[in-house]
Amino acid sequence: MKKQLLLTTAIAGLVAVSGAHAETKISGNLEQTWKNVSDDASNGAASTEGFGTEYNIGLSSSAELDNGMSASFGINFESTTDAANKDVHYLTLGLTDALSISFAQDNGNNLSGSAVPHISDTASTVVGAGFSNLGIGASDGHNDQHIRVDAAVAGGTFTVRYVPNDGHSNNGASSTAAEASNSATDFIYKGSLGVEGLGILVGQHTADRNSVGGTDLADTKYKVFGASYNFGQFSVGAERAKSEGDVAASTARGISATADGEKDEMESTTVGVTFAASDKVSLGLVRTETTYTDNGTEDPQEETTTMLGVGYSLGGVAIDINYAQTENVAFGTTDRDTLQIRTIQKF
């Protein structure tokens with residue numbers, strides 16, 4: 001009899017716990033991409049092409065806490081190679097309806113996107129040239145493990161984020177206290193300012209001064225201001241971004257090979273327009289101009305990219321095609337044509 005009572009109590013406890021939590025949701029997507037990159041023959045570069053695949057599987061849930069606050073939490077596993085890695089994770093505590101605190105990675109307001117309307121990927125992602133959504137050696141704070149506060153203000157969300165280890169998204173076990181790099185902070189607003197059809201993205205990412213091979217580097221900063229407006233079938237937008245830092249973190253773009261401790265700058269201006277031709281088909285045109293300044297001397301080669309995009313939705317499957325022409329790739333003398341075709345399936 002005593003064992004039966006204990007068993008009944010345990011079952012009742014499990015039922016009570018289960019009833020206190022919301023249903024766990026499962027979501028995911030599969031992206032398959034084909035890309036062709038062709039550099040001008042005058043530089044002796046041959047065309048390259050290939051397929052790529054990315055898939056994501058996520059779990060999310062929420063709960064009402066005993067103290068009256070709310071909580072939402074989730075994880076996402078992403079695979080772009082043969083092995084899957086942790087990608088998104090978050091625990092968000094709703095202090096009030098307008099204020100929350102989160103412990104997260106790859107989650108929340110960010111500067112890696114763009115306020116300029118476009119079809120699917122940004123030009124930076126499609127082309128992968130000198131221009132970057134994040135400028136000179138900048139890491140996007142939301143990609144790293146961080147703590148942040150979000151406040152609902154002026155028709156949008158204002159975010160303050162602190163990143164203990166800038167540029168290290170997956171470092172550390174659950175009980176680690178190691179510091180792999182210097183810290184960073186983000187201040188971001190994304191919203192409409194209460195105006196219907198208006199979209200605003202403004203913010204700054206700042207990474208503290210660090211050292212590479214004994215050479216002090218200038219603090220890395222990335223500032224962006226962008227705005228878009230939707231009216232009927234059309235959306236238009238413009239964005240200005242400026243980054244400053246030391247070129248040691250940008251050698252992969254062919255800008256420089258050494259860190260000299262001096263401030264270097266990259267500035268870009270992007271404009272774009274999209275047109276919803278129907279419920280299924282959208283067209284987009286984007287142009288980006290980027291300049292690079294090395295210790296006060298502007299590079300004579302300005303990189304420009306013009307990209308035309310077409311998106312087609314089949315309901316459960318979406319197809320987008322982007323074709324871009326780039327002059328002076330990575331501020332050099334090479335011109336490039338890029339064609340990307342991507343399918344996206346969500347569940």
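Derivation of every value follows stated rules applied to the coordinates shown; laboratory data play no part. Since the structure is predicted, the reported quantities are computational estimates derived from the model, not experimental observations. Glycine gets a Cβ as well: all are built from the backbone with ideal geometry, and neighbour counts include every protein chain shown.
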Over 32 Å between Cα atoms, which of Lys25/Lys190; Lys242/Lys280; Lys242/Lys346; Lys25/Lys242; Lys86/Lys190 qualify? Lys242/Lys280; Lys242/Lys346; Lys25/Lys242
Summed over the other residues with a beta carbon less than 12 angstrom from that of Thr185, with K and R at +1 and D and E at -1, the charge totals -2
